Every structure is written in C-alpha cells, then in structure tokens.
Amino acid sequence: MDFISWRKTVSHYLEDIENPIGKTINLTILGLIFLSLTIFVAETYSIPQIIRIWLDNIDIAILVIFTIEYLIRFWCAESKIKFVFSLFSIFDLMAIVPLIIGVMDIRFIRIFRWFRLLRLIRFLEFKISIFKIETEDGVILTRILLTLFSIIFVYSGFIYQAEHSVNPTIFRNFFDALYFSVVTMTTVGFGDVTPISDTGRFLTVLMILTGILLIPWQVGELVKQLLKTTNQVQKSCSGCGLSIHDFDANYCKICGTKLKDWLK
C-alpha cells in the first residue's frame, strides 16, 4: 500500500462509522469526551487528593490522545488550509490548547476543556445509526436534545471557571453553576445565585440572550417533532425502504409505492 492509499484508508476510518473499525474509533472518541468532562465535574467537588491526582493523569492522557487525533486528521486532509479553518477543526484545536501552552502557569487555561464538548457537533453530521437511532425523527430529536445539552453544559463550565475563584461560597461546585445556567437561560431568574465578576456578568448576558433566542426555538422544534411522531408509524416501504410514514398514508411519499394494510 502506497502513501496516498494509506492516508485515504486512515481518513476513511476516521469519518466512516458504518464499518466496525470506524464505529469503534468514533465511539471511543465520544467516550473520551464524556470522560474528560466527567473528570472536570468531579474535580469541582471535595475529593481525596490521591483520586484527584489520578483524575489529572487520566485527563492529560485524554488530551494527548486528542492531540494525536488532531495531527492525524491534519495529515489526512487533502487541503491543509481548509482543514485548519473548518469549524470542526477549530473546536478540535481549542480542545487541545491546554497541551500546546500547558508549560505556562495560566489558571484560566482550564476553561478550554469545555471546548471538548463542542467536538460533539462533529457527530451531528454523522448518520446517527452509531447510536442505534435510524429513523429521521429519532435523528432530529437526538440533535435537538444534544444541542440543548451542549449549550447548557458549556455555559455551566464557563460560569464556574469565571466565578468559582472570586465567588467560592456561591459557585461552590459544578451543580451550582448548572443550576444558575438553567435558571438564567430559562429567564426564571430567582436571583439567589448571582455572579460578581465582570466575566461572569458578561456570560450571564450571553446566557439570557441565548435563552431568549435559541432555547424556545429548540424546544418548539422538539415539541413539534414529538407531535409529528404520534401521527406516524414505523415500517419499511417495500419500494425504497423509507421507515416512517403518516398513519393515514396510502402511498409512500418518496417512491409512490402503495403501502400495505399495516398502516391502517
């Protein structure tokens, strides 16, 4: 196998999740993302020092793996410039920034960990069969829920990083930050948890704007999809294989094949 063929083969396994190797690679990456964020959340609580050291070592190992993955993707890219400035690559690069400049003692650098969650956007472009979700409705619902989860989780991480050091009695751990994010983004605004730093207040403004502009739209799409699903049945069309049809449909909306009596 020559150099070009080898590079194409590696690129295929990184992007194609229909084959066992590609699925294993991408599920492993997905698992490492969640493990990294779980470690960060755990470290916001009081845990024994020996466990904290172990978690830090695991997190560094995950960061090294992400860095190697980024370099491999860069090597596989046909257009290096296009790769570097693509949305996915920017998120990937931000996720490994701590390793690149980790020799410097900068506390705020830990905030870059939260860009690892944004790597999940890469999976939104994949066929969601990787999660055993094969219907169109299931894909849409999964993407909406993942978007909402990502937004709330990332904001919670940012506000914790911004406020914990200056306001430790209010933002004691990640759950306090999560509570504040949900209350703020839903515009409930109890006022029992408030930021005091300029960065924290700026993030609060962004949360409110996001809550006003994005959350209702996403929730509306979620409700609309749920209502739509209740009026549909799941069964593969004998002509084109479409698996979702309206309950009162007589013909497949894609290929026109007459549907059988199981729809009635």
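Given (1) open to solvent by 50 Å² or more (accessible area, probe 1.4 Å); (2) part of a helix (DSSP H, G or I); (3) more than 30 Å from SER165 (Cα to Cα), identify the lone condition not met by ASN26.
Condition (1) is where ASN26 drops out.
Looking at region 61-80, can you tell me whether even one residue there is over 20 Å from the mean Cα position of the chain (by Cα), under 19 Å from GLY157 (Cα atoms) and of a type in the set (Lys, Arg)?
No, there is no match, as no residue in region 61-80 is over 20 Å from the mean Cα position of the chain (by Cα), under 19 Å from GLY157 (Cα atoms) and of a type in the set (Lys, Arg).
Considering only residues of region 159-181 that are of a type in the set (D, E, K, R) and in contact with a helix residue (DSSP H, G or I) (Cβ under 8 Å, 6 or more places away or on another chain), which is surrounded by the fewest Cβ atoms within 10 Å (Cβ to Cβ)?
Among residues in region 159-181 that are of a type in the set (D, E, K, R) and in contact with a helix residue (DSSP H, G or I) (Cβ under 8 Å, 6 or more places away or on another chain), the one surrounded by the fewest Cβ atoms within 10 Å (Cβ to Cβ) is ASP176.
Test THR142 against the stated conditions and say whether it is open to solvent by less than 40 Å² (accessible area, probe 1.4 Å) and at pLDDT 70 or above.
yes
Quick test of your reading of the structure: LEU14 fulfils all but one of (1) open to solvent by 30 Å² or more (accessible area, probe 1.4 Å); (2) in a helix (DSSP H, G or I); (3) farther than 30 Å from ASN173 by Cβ. Name the failing condition by number.
The failed condition is (1).
Can SER79 be described as loosely packed, with under 11 Cβ neighbours inside 10 Å and more than 30 Å from HIS164 (Cβ to Cβ)?
When the stated conditions are applied, SER79 passes them.
Suppose the filter is surrounded by 20 or more Cβ atoms within 10 Å (Cβ to Cβ), out of contact with any Pro (no Cβ under 8 Å at 6 or more places or on another chain) and closer than 25 Å to GLY220 by Cα; does SER156 pass it?
Yes; evaluated as a whole, the condition is true for this residue.
How do the pairs read when you match residues in region 174-197 that are under 21 Å from LEU213 (Cβ atoms) with residues anywhere that are assigned to a loop (DSSP other than H, G, I, E, B) and open to solvent by less than 70 Å² (accessible area, probe 1.4 Å), using Cβ under 6 Å and keeping only pairs 6 or more apart or on different chains?
PHE180/VAL193
Could you tell me which numbered condition ALA42 fails, if it satisfies all but one of (1) surrounded by 18 or more Cβ atoms within 10 Å (Cβ to Cβ); (2) more than 17 Å from the chain's Cα centre (by Cα); (3) of a type outside the set (S, T, N, Q)?
All conditions pass for ALA42, except number (1).
Any residue at all in region 194-213 that is outside any helix (DSSP H, G or I), touching a helix residue (DSSP H, G or I) at 6+ places or on another chain (Cβ under 6 Å) and farther than 12 Å from ILE159 by Cβ?
Within region 194-213, not a single residue is outside any helix (DSSP H, G or I), touching a helix residue (DSSP H, G or I) at 6+ places or on another chain (Cβ under 6 Å) and farther than 12 Å from ILE159 by Cβ.
Which one of these is without any contact (Cβ under 8 Å) to a residue 40 or more places away in the chain and touching a helix residue (DSSP H, G or I) at 6+ places or on another chain (Cβ under 7 Å): LEU93, LEU30?
It is LEU93.
I'd like to know if region 96-113 contains one or more residues that are modelled with pLDDT of 70 or more and closer than 30 Å to ARG201 by Cα.
Within region 96-113 (the criterion being modelled with pLDDT of 70 or more and closer than 30 Å to ARG201 by Cα), the answer is yes, since at least one residue qualifies.
The values are calculated or read from the model by the stated rules, or taken from the named source; none is laboratory data. As the structure is a computational prediction, the values presented were derived from the model and not from experiment. We place every Cβ from the backbone using ideal geometry, glycine too, and count neighbours over all the protein chains shown. When the accessible area is computed, the model is the full protein with side chains, heavy atoms only, and any ligands, DNA or RNA have been set aside. Shrake-Rupley method; radii C 1.70, N 1.55, O 1.52, S 1.80 Å.
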